[in-house]
Amino acid sequence: MSKTNSFSLHFETDWKYADAPESRDHIDLKEQYELFINGQFQKCSSAKYFDSINPANETFLAKIAEANREDIDQAVKSAKSALAQWQKLQAKERAKYIFRIARLIQERAREFSVIETLDGGKPIKESRDIDIPLAAAHFFYYAGWADKLEYAFPGKSVKPIGVVAQIIPWNFPLLMAAWKIAPAIACGNTVVLKPAETTSLTALKLAELIQDAGLPPGVVNIVTGAGETGAELVNHPDIDKIAFTGSTEVGKLIQKSVAGRNVKTTLELGGKAANIIFKDAPIEQAVEGIINGIFFNQGHVCCAGSRLFIEESIEKEVLEKLKWRLETLSVGDPMDKNTDIGAINSKQQLDTIKKYIKIAKEEGLKGFESNQSIPKKGFYCKPTIFTGVSQSSRLAQEEIFGPVLVVQTFRTIDEVIEKANNTPYGLSAGVWTDKGSKAFNLSSRLKAGVVWANTFNKFDPTSPFGGFKESGFGREGGLQGLDAYLKMD
Ligand code: ADP
């Protein structure tokens, strides 16, 4: 469990908001992207391509290749044949490649940030200050471990697992690629990674960067496509490990498909985090944490603080402050440096969010949304808060993955712990209090992989991340993140 206090994640980059270009004309974006297999870009055997669009205005960005069984087979074969050469290298030589990738991400941070925002809809200030610097930080961190694995696990003999299939979601495209690729190759494995179909572009940019870094061909392969492509990868007989981040529904399918196979698996799935505020909390700071907890990245965050529990005696004060703060959030063009809430990643996800807002209305829940207007074109959702939500409401139980907060109240610690733990998920939680003892008590009794105290949504490569229950199993980040990619005797 990580019990951190606020600390800064702001890494220095070489550009400022004012420089942010407004369109694809200023960045190196191709009309069409192919599959990255064995160190080269190659056409897909299906000859099928799908469009990646900008969710902020529904304009076309690029055509993306759809990999089929034949392509996946080639990618896995390429990863398999690269294993021997990659493992023969001295660990410190492997580390050099990974350091090089980290440095190149930093050098191209501006381009990565712009593409991430155009392709996924997240505010440019988040791509710039969080996603891209953290992606580089993950490569730096695991490059550092590559030649120190025997010190990471003293007394054990460690070996790479082999060919790793990695499937990632659309909410943190480059960052998730870094979370997966960096520890895998630092441990001597080779990789086939599939990004999500709505956000393939930064992974494909990373493929170009990997070419520039001179990484031996086949060590990292990047294949694009949707669920069917992912299923082909998961079911390929020559993979030795699967690392998946995505929905609980697909996580369950993957677990079924590996049953009886010798495939080590880690799953990072959905969440429905409780963010708990006590009357002794620093209220202003807590309100900021609540806003960040749910509205960061439009609420497309598996560990988002989507359930707020307020101690009854401060309910009125907290709700008033939240309402005021909601109105100050600027919703709109993600490329605008002042935007707090950008575009919803896809029409499909917007429909899901709207479905839950409709359910809330049918359940008779009271709510309020920001009065700000939103752009007519593109996929947008005003930040919304529902109050007086009961434990049995679908809004309190199911993951919405959007800018929708549900509010409940409590009187005692036992009551709030019981309510907080009463969902199928167990990924993260937050506690706001002035009392250290209370924070420690809750962090051990909340069934959540990460419990933040007086902060929320803080990520760092040194810190393990992962869930309990239907939020999955296995940890990413820190030493635990290495363990997932090693065999140990
Ligand atoms: P969401 O519902 O939020 O889009 P998903 O779990 O469907 O989340 O998607 C996460 C990732 O899993 C994406 O890269 C997607 O293409 C992939 N995926 C979807 N279905 C399958 C499947 N049956 N097998 C493997 N990967 C899949």
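Derivation of every value follows stated rules applied to the coordinates shown; laboratory data play no part. Since the model is a prediction, treat every value here as computed from it, not as a measurement. Don't worry about glycine lacking a Cβ; one is built from the backbone with ideal geometry, like all the others, and counts go over all protein chains shown.
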Review point. Where both residues lie in the chain, what percent of DSSP beta bridges are antiparallel, nearest 5?
Key: 35 percent
Check your understanding: Using a Förster distance of 51 Å, how high is the FRET efficiency between GLU415 and LYS43, based on the Cβ-Cβ distance and rounded to 0.05?
Key -> 0.30
Practice item. With unit charges on the beta carbon (Lys/Arg positive, Asp/Glu negative), name the residue among GLN32, PHE465, ASN57 whose Cα is farthest towards the positive pole of the charge dipole of the chain. Key: PHE465
Practice item. Taking the Cα centre of region 312-357 as origin, work out the dipole magnitude from +1 charges on Lys and Arg Cβ and -1 charges on Asp and Glu Cβ, in debye rounded to 20. Key: 200 debye
**Study point:** Three semi-axes of the equivalent ellipsoid, region 340-451, Cα gyration tensor, whole Å, largest first
**Key:** 29, 16, 14
Review point. Residue farthest toward the positive end of the dipole of region 200-312, with Cβ of Lys/Arg at +1 and Asp/Glu at -1: which of PRO217, ILE277, GLY227?
Key: GLY227
Check your understanding: Taking R0 as 51 Å, what's the FRET efficiency between ASP28 and PHE440 from their Cβ-Cβ distance, rounded to 0.05?
Key -> 0.55
Check your understanding: How much length is gained if the chain between THR59 and LYS92 is pulled fully straight, taking 0.36 nm per residue apart and subtracting their Cα-Cα distance, in nm to one decimal?
Key -> 7.4 nm
Point to revise | Extension gain (nm, one decimal) between LYS376 and GLN211, 0.36 nm per residue minus Cα-Cα | key: 55.4 nm
**Study point:** Kirkwood Rh and Cα Rg combined as Rg over Rh, evaluated for region 152-272
**Key:** 0.96
Review point. Rounded to the nearest 500 deg cm²/dmol, what is the calculated helix-only ellipticity per residue at 222 nm for the chain, with -39500 (n - 2.57) per DSSP H run of length n ≥ 4?
Key: -11500 deg cm²/dmol
**Study point:** Sequence ranges 291-297, 408-414, ranked by mean other-Cβ count within 10 angstrom, highest first
**Key:** 291-297, 408-414
Exercise for review: Report the residues of region 172-189 in range of a label on LYS148: point 7 Å along Cα→C-beta, backbone N strictly under 18 Å from it.
Suggested key: 182-188
Practice item. Take every Cα pair under 8 Å in the chain that's 6+ residues apart, average their separations, divide by the length, and report that relative contact order as a whole percent. Key: 19 percent
Review point. In region 327-372, how does Rg compare with the Kirkwood Rh, expressed as the Rg/Rh ratio over alpha carbon atoms?
Key: 1.05
Exercise for review: Quick one: angle between helix 436-445 and the longest Cα principal axis of the chain, in degrees between 0 and 90, rounded to 10, please.
Suggested key: 60 degrees
Review point. Could you give the nm distance between label points at GLU249 and LYS156, where each point is 7 Å from its Cα heading toward the beta carbon?
Key: 3.6 nm
Practice item. Return the whole-Å distance between the Cα centroid of region 355-414 and the Cα centroid of region 126-144. Key: 32 Å
Exercise for review: Return the loop-located GluC sites (Glu not before Pro) in region 29-64 (DSSP other than H, G, I, E, B) with at most 10 other Cβ atoms within 10 Å of their own Cβ; answer none if there are none.
Suggested key: GLU31
Review point. Which whole-percent values make up P(r) of region 230-373 when all C-alpha to C-alpha distances are grouped in 5 Å steps starting at zero?
Key: 2, 8, 13, 16, 16, 13, 11, 8, 6, 5, 2, 0
Check your understanding: For ILE359 and ASN422, what is the calculated FRET efficiency with R₀ set at 25 Å and r taken between the beta-carbons, to the nearest 0.05?
Key -> 0.85
Study note, to complete from the structure: Farthest towards the positive end of the dipole of region 317-395, among ASN371, GLN349, THR384 and with Cβ unit charges of +1 on Lys and Arg and -1 on Asp and Glu, lies the Cα of GLN349
Check your understanding: If one puts a single equal scatterer on every Cα of region 206-273 and applies the Debye formula without solvent, what log₁₀ I(q)/I(0) results at q = 0.19, 0.27 Å⁻¹?
Key -> -0.86, -1.21
Point to revise | Bridge type composition, region 323-415 - antiparallel percent by DSSP, nearest 5 | key: 50 percent
Check your understanding: Pairing the Cα long axis of helix 173-186 with the longest principal axis of the chain, what angle in degrees results, from 0 to 90 and rounded to the nearest 10?
Key -> 50 degrees
Point to revise | Rg/Rh for the chain, where both radii come from Cα atoms and Rh is the Kirkwood radius | key: 0.96
Point to revise | Point-charge dipole on Cβ atoms (K/R +1, D/E -1) for the chain, about Cα centre, debye to 20 | key: 940 debye
**Study point:** Near-label residues of region 123-150 by backbone N, under 17 Å of a point 7 Å along Cα→Cβ of GLU107
**Key:** 133, 136-137, 139-140
Check your understanding: Which loop-located GluC sites (Glu not before Pro) does region 327-417 contain, where loop means any DSSP state but H, G, I, E or B and the Cβ has at most 12 other Cβ atoms within 10 Å?
Key -> none
Revision key, fill the gap. For region 252-311, the Cα gyration tensor yields equivalent-ellipsoid semi-axes (√(5λ), largest first, whole Å) of 36, 12, 8
Review point. Just how large is the dipole of region 84-170 about the Cα centre, in debye to the nearest 20, putting +1 at every Lys and Arg Cβ and -1 at every Asp and Glu Cβ?
Key: 380 debye
Point to revise | Cα long-axis angle, helix 248-258 against the chain (0 to 90 degrees, to the nearest 10) | key: 30 degrees
